[in-house]
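Please read the structure below before turning to the comments.
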Amino acid sequence: MTTKNLKTAFIRPINGRHAKTEFEVLFNPAEYSIEKGNTFQSTSLPGLSTPVTQFVTGNADTLTMELYFDTYAKSSRHPKVKKREDVRHYTRKIADLMEIDATLHAPPIVEFTWGPPIGTPEGVQFRGIIEKVSQKFTYFLDDGTPVRATLNVTFKEYKTVEEQLAELKRQSTDRTKLREFKEGDSLWLLASKEYNDPQAWKVIANHNQLENPRLIAPGSMLELPPLK
């Protein structure tokens, strides 16, 4: 990002009493990290030497960064900041976004935005809740007033149930598939590969009217229907 197009990052609550209020950071972060994870479960199946690993759920993304605050020297980038002002006047605004909002009975959902809109090479936009804030004060006036601080902030991704169901619908199986039953196959393995759920073998058995799912001749063609 060029200096000409450099923009100050800000945190904006999207609900609650401070909705749409932008809280600017005094200095843009030098770096940030995004972490994503999944949860898996191992299921033991009859006749197999090792458990089948099954996807359970995705975990919310987390965004972590350090935000630097300094009021010791007046900055031309922030003319409203008073020289040697108590830096807690600015750090408290970020930390307070973890407090329970009286209108929500919960902390607000926020957006961290930096630079151009999301989708551009430089832009960062992350919606979630502030999960953790660690404040470290590193420089003080003679009377003990802190004038420099570093905040380590962790955001956790927030998505509504409707948004998640819409994503799941776009990714789900939407048509019946035909699979050849091969030597060494089992309905449990087919269900695990197709549906990420070995317990869905009953769906395949019922759809193909199989009386005994253990007695399937190799070379048989099975229909794998979409899950409803």
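Summary table below
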| read-out | value |
| --- | --- |
| Net length gained if the chain between Ala30 and Glu66 were fully extended (0.36 nm per residue, minus Cα distance) | 12.2 nm |
| Estimated vicinal HN-Hα couplings, Hz - the range 87-99 in sequence order (Karplus 6.51, -1.76, 1.60; Gly, Pro = x) | 5, 5, 4, 9, 5, 5, 4, 6, 4, 5, 6, 8, 6 |
| Where labels lie 7 Å past Cα in the beta-carbon direction, separation of Tyr158 and Asp143 in nm | 3.8 |
| Reachable aspartates and glutamates, given that their alpha-carbon falls under 12 Å from the alpha-carbon of Lys82 and they are not under 8 places away in the same chain | Asp70 |
| Furthest towards positive pole of dipole, His78, Asn38, Pro218, structure part the chain, Cβ charges | His78 |
| Radius ratio Rg over Rh of the chain, counting only Cα atoms, Kirkwood formula for Rh | 1.20 |
| Whole-Hz couplings from phi, Karplus 6.51/-1.76/1.60, listed for the range 147-164; x for Gly and Pro | 10, 9, 7, 10, 10, 9, 10, 10, 9, 10, 4, 10, 9, 6, 4, 4, 5, 5 |
| Top positive-direction residue, dipole computed over the range 10-167 with Cβ charges, set Pro51, Gln135, His105 | Gln135 |
| Relative contact order, percent, the range 173-224 [alpha-carbon distance under 8 Å, six or more residues apart] | 51 |
| Difference of contour (0.36 nm per residue) and Cα-Cα distance, Thr21 to Leu189 | 55.3 nm |
| HN-Hα J in Hz across the range 44-50 - Karplus 6.51, -1.76, 1.60, θ = phi - 60°, x for Gly and Pro | 7, 10, x, x, 9, 7, 10 |
| For the chain, size of Cβ-based charge dipole, Lys and Arg +1, Asp and Glu -1, in debye | 640 |
| Of Lys20/Lys93; Lys20/Lys80; Lys36/Lys156; Lys80/Lys156, those spanning more than 22 Å from alpha-carbon to alpha-carbon | Lys80/Lys156 |
| Full-stretch length increase - Lys82, Phe40 - with 0.36 nm per residue and alpha-carbon distance subtracted | 10.0 nm |
| For the chain: relative contact order, % (alpha-carbon pairs under 8 angstrom, 6 or more apart) | 17 |
| Net dipole in debye of the range 173-224 [+1 Lys, Arg Cβ; -1 Asp, Glu Cβ; about Cα centre; nearest 20] | 20 |
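None of the figures in this text is laboratory data; all of them are computed from the coordinates on show. These numbers were taken from a predicted model, which means no experiment stands behind them. All Cβ positions, glycine included, derive from the backbone under ideal geometry; neighbour counts span all protein chains shown.
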